[in-house]
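Q: Next up is a structure, given as structure tokens.
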Amino acid sequence: MWRKSLEGIEIARKAVEAATEQQSSDIVLLDVSKVCTFADYFVICSGDSARQLTAIGDEVEHNLRKLGERPIHHEGTASSGWMLYDYGDVLVHVFNPDQRKFYQLDELWNQATPVLRIQ
């Protein structure tokens, strides 16, 4: 049986660290717990190319796996410009700039509490 060892905020912060290590841009950590029923935190970040999106996603998975965390679900592809990693309480969204602008998650979840923003 797989057992979670980290709290949601710790998973989210580790995902932010991983995205930062891969030079992701416009990283946002939102506390959505008061406005969302399916997650407590969103990590939203951008990469400029499919190669960078892959590197960001791989780094998030690698760093969290070292800590005993695995995504429950993963969808999207680097070539589509959007990838989602579902860690239960934490959703990690990795976008290219066009897809991020299209989906506008920052605006859609503007009632959430910003925890961190790295430009």
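Q: Residues to consider are Leu6, Leu29, Leu91; find the one that is at negative phi and not in a strand (DSSP E or B).
A: None of the other options fit; the residue is Leu6.
Q: Check the range 12-26 and report whether any residue there is surrounded by 23 or more Cβ atoms within 10 Å (Cβ to Cβ), polar (S, T, N, Q) and free of Cβ contacts under 8 Å to residues at least 60 places away in the same chain.
A: No, the conditions are met nowhere in the range 12-26.
Q: I would also like to ask the following. Mind counting the residues in the range 32-54 that are over 15 Å from the mean Cα position of the chain (by Cα), among the aliphatic types (A, V, I, L, M) and part of a helix (DSSP H, G or I)?
A: Matching residues across the range 32-54 total 1.
Q: Can you name the residue in the range 94-105 that is part of a helix (DSSP H, G or I) and either β-branched (Val, Ile, Thr) or in contact with a His (Cβ under 9 Å, 6 or more places away or on another chain) (or both) and, of all such residues, is surrounded by the fewest Cβ atoms within 10 Å (Cβ to Cβ)?
A: Tyr103
Q: What residue, among those in the range 55-88 that are at positive phi and either at pLDDT below 95 or outside any strand (DSSP E or B) (or both), is nearest to the chain's Cα centre (by Cα)?
A: Quick first cut of the range 55-88, residues at positive phi only: 68, 76, 81, 88.
The next check asks that each one be either at pLDDT below 95 or outside any strand (DSSP E or B) (or both); those that pass are 68, 81, 88.
Numbers: Gly68: 17, Gly81: 14, Gly88: 12 Å.
In this case the residue turns out to be Gly88.
The values are calculated or read from the model by the stated rules, or taken from the named source; none is laboratory data. Values in this document were obtained by computation on a predicted structure and should not be read as measured data. Neighbour counts run over all protein chains shown; Cβ positions are idealised from the backbone, glycine included.
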